[in-house]
Amino acid sequence: MRELDVIGVRVEMPSNQPIVLLREVTGERYLPIWIGAVEATAIAFAQQGVTPPRPLTHDLMKDLLEATGTELTEVRITEVKDGVFYAALVLGGSTQEGTEVSARPSDSIALALRTGARIVCAEEVLDEAGLAVPAEQEDEVERFREFLDQVTPEDFETQ
């Protein structure tokens, strides 16, 4: 299992489909997972520290874990079959130590961000669905993003 960080949620064009983008903590592979709009919002809210006036489903799950003295110790992205990703929540606590519950990766990631649980991925999943981006290309991509953030349409007008 390899530990992953959540980079963020993006929208793939032209399909307008949300993607959560994960990256190996010690490596150069990225893992894009297509997710639903509701889960994309839940992940983005958690990353931005947004607290809605009423708890969303993932906030409720976090509150239930805390109320029962259960800890989410780890989220595992375990496999990918026919383009569908599978995950498991690993629970800890006095009576639940090591209990695994099957879950969608998107829900698992949203919950992990709320609880601080670590996210790991099976090596086989990264081998099959991961995208390697060497560090030198990553720097170039970041410079291009910075350029796009600063450029305006007027910059391309002809005189």
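The values are calculated or read from the model by the stated rules, or taken from the named source; none is laboratory data. On a predicted model such as this, the values are computed, not experimentally measured, just so you know. Every residue, glycine among them, receives a Cβ derived from its backbone with ideal geometry; neighbour counts consider all protein chains shown. Areas reflect the complete protein model, heavy atoms only, side chains present, ligands, DNA and RNA absent. Shrake-Rupley method; radii C 1.70, N 1.55, O 1.52, S 1.80 Å.
At a glance:
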{"read-out": "Mean separation of Cα contacts under 8 Å, 6 or more apart, over the residue count of segment 34-110: relative contact order %", "value": "28 percent"}
{"read-out": "Extended-chain gain in nm, criterion 0.36 nm per residue less alpha-carbon gap, VAL101 and GLU128", "value": "7.4 nm"}
{"read-out": "Pair-distance profile P(r), taking every C-alpha pair of segment 1-130, with 10 angstrom steps and integer %", "value": "13, 44, 34, 8, 0"}
{"read-out": "Net +/- balance of residues flanking THR115 in space, Cβ distance below 14 Å, scoring K and R +1, D and E -1", "value": "-3"}
{"read-out": "Segment 1-73: radius of gyration over Cα atoms, expressed as a fraction of 2.2 N^0.38 Å", "value": "1.28"}
{"read-out": "Per-peptide average of other Cβ atoms within 10 Å, ordering 37-47, 12-22 highest first", "value": "37-47, 12-22"}
{"read-out": "Simple spin-label estimate for VAL84 and GLN47 in nanometres, 7 Å along Cα-Cβ", "value": "2.6 nm"}
{"read-out": "Interatomic Cα distance distribution for segment 40-102, bins of 5 angstrom, percent", "value": "4, 15, 19, 21, 20, 15, 6, 1"}
{"read-out": "Apportionment of accessible area to carbon and sulfur, segment 1-136, percent (1.4 Å)", "value": "53 percent"}
